[in-house]
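Since the structure comes first, as structure tokens, the remarks are kept for the end.
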Amino acid sequence: MSKFKQCLSCAIAPFVLFGLLGTATQAVASDERLYGRFTADNELYTPRDYREWVFVGATVTPNDMNDGAAAFPEFHYVYMDPGSFASWKKTGEFRSGTVIVKELVSIGSKEAVSGNGYFPGSYNGIAAMVKDAKRYPDRPGNWAYFGFDGESRHGAIQEDSACSACHQASAEQDQVFTQYYPVLPAAKP
């Protein structure tokens with residue numbers, strides 16, 4: 001390669017690299033808006049591809065460990081949108097715009113080839129919580145909770161006396177049960 005072509009390549013390379021980085025940054029910024037899509041009444045549309053988000057933890061509350069009457073006798077798999085998780089890692093706070101999805105799965109068998117335990121059963125649906133100071137300024141902590149019935153393309157906002165009351169009383173940080181989701185404390189700065 002001639003010296004002229006080498007110099008030209010060296011001169012152009014930074015501009016190409018910065019152009020590509022700028023495009024990637026724009027893509028990330030526009031993707032973040034897709035995590036929470038809302039109706040005109042600020043109800044959350046069913047989140048897309050939430051299983052590709054950051055998995056922060058799981059809980060299970062079986063009936064046989066709760067006198068036969070667990071409040072939620074199911075597995076809960078919890079996911080957080082990637083943009084908000086990145087913000088959490090920097091600040092240790094849940095930013096406005098955070099979307100957390102809880103996948104609900106029934107408790108299936110107690111026996112498997114690996115031994116005895118609690119194993120997932122059928123998919124029951126999802127619930128979600130969204131922190132948004134502009135959309136929900138009058139909700140405690142700016143969090144709104146959504147239940148999805150499977151029939152609708154969006155979730156209905158739950159009354160504060162339902163989900164929010166328990167989260168306010170028992171969640172470790174900002175209405176999020178960080179004490180049950182080990183990924184969050186581990187990632188906190």
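Taking every protein chain into account, the accessible area of region 79-118 amounts to 47 square angstrom per residue (probe 1.4 Å). Computed about the Cα centre, the dipole magnitude for region 65-189 is approximately 540 debye when only Lys and Arg (+1) and Asp and Glu (-1) carry charge, each at its Cβ. From most to least packed by mean Cβ count within 10 Å, the peptides 97-105, 166-174, 122-130 give 97-105, 122-130, 166-174. Anisotropy class assigned to region 50-135 is prolate, per the alpha carbon gyration tensor with a/c at or over the 1.5 cut-off and a/b larger than b/c.
Atom-type composition of the exposed protein surface of region 61-109 places 55 percent of the accessible area on carbon and sulfur (1.4 angstrom probe). Working from Cα pairs under 8 Å separated by at least six residues, relative contact order for region 85-168 is 21 percent. Between region 85-156 and region 50-84, the C-alpha centres lie 8 angstrom from each other. Protection proxy ranking of 131-143, 62-74, by the mean of other Cβ atoms within 10 Å over each peptide's residues and highest first, is 131-143, 62-74. With viscosity set to 0.692 mPa s and temperature to 37 °C, compute the Stokes-Einstein D of region 30-189, Rh being the Kirkwood radius across alpha carbon pairs; µm²/s, no decimals. The calculation lands on 199 µm²/s. An oblate overall shape is assigned to region 115-189, the ratio a/c of its alpha-carbon gyration tensor axes (a ≥ b ≥ c) being 1.5 or greater and a/b not exceeding b/c.
The values are calculated or read from the model by the stated rules, or taken from the named source; none is laboratory data. Keep in mind it's a predicted model, so treat the numbers as computed, not measured. Virtual Cβ from ideal backbone geometry, glycine too; neighbours counted across all protein chains shown. These area figures cover heavy atoms from the full protein model, side chains too; ligands, DNA and RNA do not enter into them. Shrake-Rupley method; radii C 1.70, N 1.55, O 1.52, S 1.80 Å.
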